[in-house]
Amino acid sequence: MEKRKIESYSETSIEALQKAIFDLHKCKATWVESVPVKEVFEGETIWEGIVQVFDIQNHPTATCCYAWSHGLDNTKKRRFFAVLKIPPIDSPEKAVRAAIVQDHKRKINKS
């Protein structure tokens, strides 16, 4: 797995994350809490930041969503993540881990 550290210290507003949740999952989101997450792989920190936890309404299978964003390399653009709390995803840490694994799979498939 690529060991590129991604930080999300430049936090995104709650409103921007709520919009991302709506755009991705068509759900209204209510902010619940902020959770610091540090993901370590083979002894190196590969992601560190704050995951925002939201209650969501009108989704057929989920009542919670974990959301965060990070800046894209050398741009002012941001990438948004909104991971639903659906087993096996049951924590902000697992949501970040799932997003990292998905990114890694996507990069492999592009190769």
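Of all the stretches in the chain, which is the longest one without any exposed loop site, taking GluC sites (Glu not before Pro) in a DSSP loop (any state but H, G, I, E, B) with at most 10 other Cβ atoms within 10 Å?
43-111
Listed here are the pairs Lys26/Lys94; Lys19/Lys76; Lys38/Lys76; Lys28/Lys107; which of them are more than 20 Å apart at the Cα?
Lys26/Lys94; Lys38/Lys76; Lys28/Lys107
Return the distance in nm (one decimal) between the two label points of a simple spin-label model at Ser34 and His104, each offset 7 Å from Cα along Cα→Cβ.
Going by the 7 Å Cα→Cβ label model, 2.9 nm.
Work out which trypsin sites (Lys or Arg not before Pro) in the chain are exposed loop sites (DSSP not H, G, I, E or B, at most 15 other Cβ within 10 Å) and give the longest gap free of them.
For trypsin sites (Lys or Arg not before Pro) (loop position, at most 15 other Cβ atoms within 10 Å), the longest site-free span of the chain is 27-75.
Of the chymotrypsin sites (Phe, Trp or Tyr not before Pro) in region 11-94, which ones lie in a loop per DSSP and count no more than 12 other C-beta atoms within 10 Å?
Of the chymotrypsin sites (Phe, Trp or Tyr not before Pro), not one in the loops of region 11-94 has a Cβ with at most 12 other Cβ atoms within 10 Å.
Output ³J(HN,Hα) for region 16-27: one whole-Hz value per residue in order, computed from phi by the Karplus curve 6.51 cos²θ - 1.76 cosθ + 1.60 with θ = phi - 60°, and x for Gly and Pro.
Couplings: 5, 5, 4, 5, 4, 4, 5, 4, 7, 10, 6, 10 Hz.
Which shape class, rounded, prolate or oblate, goes with region 6-90 when its Cα gyration tensor gives a ≥ b ≥ c as root eigenvalues, a/c under 1.5 marks rounded, and past that a/b bigger than b/c marks prolate?
The shape class here is oblate.
Read-outs throughout are calculated quantities, based only on the coordinates presented, and are distinct from any laboratory measurement. As the structure is a prediction and not an experimental result, all values here were calculated from the model. Positions of Cβ are generated from backbone atoms using ideal geometry, with glycine treated the same way; all protein chains shown enter the neighbour counts.
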